[in-house]
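**Q** Shown below is the structure under consideration.
The values are calculated or read from the model by the stated rules, or taken from the named source; none is laboratory data. The shown structure was predicted, so the numbers you read here are calculated from the model rather than taken from an experiment. Cβ atoms come from the backbone with ideal geometry, glycine included; neighbour counts cover every protein chain shown. Quick note on the areas: whole protein, heavy atoms, side chains included, nothing else; ligands and nucleic acids left out. Shrake-Rupley method; radii C 1.70, N 1.55, O 1.52, S 1.80 Å.
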Amino acid sequence: MIEPKRVLRALAEHWALLEPLCEHFDQGTLSLNELRTQLAAQQLDSTPQDITSLLDVWIRLDILVPVAKSPNRFELNAQIHDFLAYLRREHRLGLCLEIEAYLRHLERLAGYIQDAFDIRDGNDLARQLRLLDMRVRDVLKKLDNDEQALVAVAERAKTSDRQIPLRQRYAEVLATWDEYVEPMIDLVNADGAFEQGVRKVETVLLKMLSEQQRLGHLVDDDMLLRTHARILEMQTSAQLTLRHARELLLPLREEARRHNAVTRGAALALAAIRRKGIDAVPQAAMPLFTRPQSTFLGSASQVEAYVYALARFEPKPARFPKAHKTQKGEAPRAPRTVREMVDRCEESLPMPDLMTWLLEQEPDGATDELLYWFSRLSREKRFKRERLERREYHTHEHQVSLRSFALLSAGDTAAEDSASIPNAS
């Protein structure tokens, strides 16, 4: 069993030696002689006995593990390798089938949750909800890891050697697209397994939330709501990861662009900044490109003409439209505001025919405008309306057939009703 304190202390003490070895262990195993050579190159003042004692410490702490059937070759412990990759912000692309397996397990957990709720077992229900929440978190972590790994794949493709053929340079991109992105597209489709699994789990949780209000609470509603929100977050994260993957890899897959030394250096700098921050890139490697400012003003005659024009500058007078005046004998235009139209209609009460009155007010008006005012005034609460028989009206443009209204004042009608009550008594 790995002792956490001693291993962490050893990693902190020998981090400068272990970090360069991680890149070699990513490509495969190392023999004992290769390990000695690498450590001797990093520690120039160390003796062979010091290197041997250091390797013994790493082997004793299970940091270095001998390879099966090859005791002279070593590799990093799998857990420590993953831990160091996390610290170095390195991500390895997983399989799309892992996400599908997680979804199948989420569907089974939803079934177990429904069974526990049916038999009213609160303890088992809370346990299954915790498992469901943990599995959803696992999917979120995997999606985040896959997204970072896709960024690394694109960076490696952009910074590879220009001398090799494009097919070899973009081989990892093409393999990633075929083995991860295309299955992910099928998985996250509207009718794919991801959407169906999320919909099944969401249906169980929402049904349980409504049933608890009717039958009684077995678990806290906040737990159900948190789990449901995390599932929706997982669904959104999967769609964003797929969109980011297509934005990164599709241009590289469709067209192999030419990369010069500037773009490769920029991609390497961005990769270093993403891992270790802006301080990881030396300032000498980031020149500041500035545009030289021109100080030329022109010849003496040009400057004199420019100053002369500024001194005698006169703005052009602004022309405002004149106010419209109605000529004598001309009918006043129909008001354009609702308040004016309602007031004018109220002054004309009682009104035997609303549509006839509108045609008198604006005989040259458009048909749609007249119909708008007819609908608006007939629904006004100040007026009491009475339906008339259907007849035809001729506007300036069309012939309209409708049943108009006769409008009366609502106040007068209320007064007549109050006066008729004592007479009836």
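**Q** Just a yes or no: is a residue in the stretch 49-63 touching a Lys or Arg at 6+ places or on another chain (Cβ under 7 Å), part of a helix (DSSP H, G or I) and open to solvent by less than 80 Å² (accessible area, probe 1.4 Å)?
**A** Within the stretch 49-63, one or more residues are touching a Lys or Arg at 6+ places or on another chain (Cβ under 7 Å), part of a helix (DSSP H, G or I) and open to solvent by less than 80 Å² (accessible area, probe 1.4 Å).
**Q** Scan the stretch 345-387 residue by residue and report those that are open to solvent by less than 90 Å² (accessible area, probe 1.4 Å), in a helix (DSSP H, G or I), over 16 Å from Leu408 (Cβ atoms) and among the charged types (D, E, K, R).
**A** Listed by number, the residues that qualify are Glu369, Arg376.
**Q** Continuing with this model, one more query. Do we find that Glu172 is within 28 Å of the chain's Cα centre (by Cα), at pLDDT 80 or above and open to solvent by 10 Å² or more (accessible area, probe 1.4 Å) in this structure?
**A** Numbers: within 28 Å of the chain's Cα centre (by Cα): yes; at pLDDT 80 or above: no; open to solvent by 10 Å² or more (accessible area, probe 1.4 Å): yes.
It is false that Glu172 is within 28 Å of the chain's Cα centre (by Cα), at pLDDT 80 or above and open to solvent by 10 Å² or more (accessible area, probe 1.4 Å).
**Q** Within the stretch 31-40, is there a residue that is open to solvent by less than 20 Å² (accessible area, probe 1.4 Å), modelled with pLDDT of 80 or more and touching a helix residue (DSSP H, G or I) at 6+ places or on another chain (Cβ under 7 Å)? Break it down stepwise before answering.
**A** Within the stretch 31-40, the subset open to solvent by less than 20 Å² (accessible area, probe 1.4 Å) is 35, 39.
Remaining after also requiring modelled with pLDDT of 80 or more: 35, 39.
Checking the rest, the ones that are also touching a helix residue (DSSP H, G or I) at 6+ places or on another chain (Cβ under 7 Å) come to 35, 39.
Yes, there is a match, as at least one residue in the stretch 31-40 is open to solvent by less than 20 Å² (accessible area, probe 1.4 Å), modelled with pLDDT of 80 or more and touching a helix residue (DSSP H, G or I) at 6+ places or on another chain (Cβ under 7 Å).
**Q** What are the pairs with Cβ atoms under 8 angstrom where one residue, in the stretch 379-399, is at pLDDT below 85 and the other, located anywhere, is open to solvent by 100 Å² or more (accessible area, probe 1.4 Å)? Sequence gap at least six, or different chains.
**A** His396/Asp364
**Q** Any idea which residue in the stretch 196-220 is surrounded by the most Cβ atoms within 10 Å (Cβ to Cβ), counting only those that are in contact (Cβ under 8 Å) with a residue 24 or more places away in the chain and of a type in the set (Asp, Glu)?
**A** Top of the filtered list is Glu202.
**Q** If Arg246 satisfies all but one of (1) farther than 19 Å from Asp133 by Cα; (2) surrounded by fewer than 13 Cβ atoms within 10 Å (Cβ to Cβ), what's the number of the condition it fails?
**A** (2)
**Q** Can you report the number of residues in the stretch 42-62 which are under 48 Å from the mean Cα position of the chain (by Cα) and under 24 Å from Lys276 (Cα atoms)?
**A** The total comes to 1.
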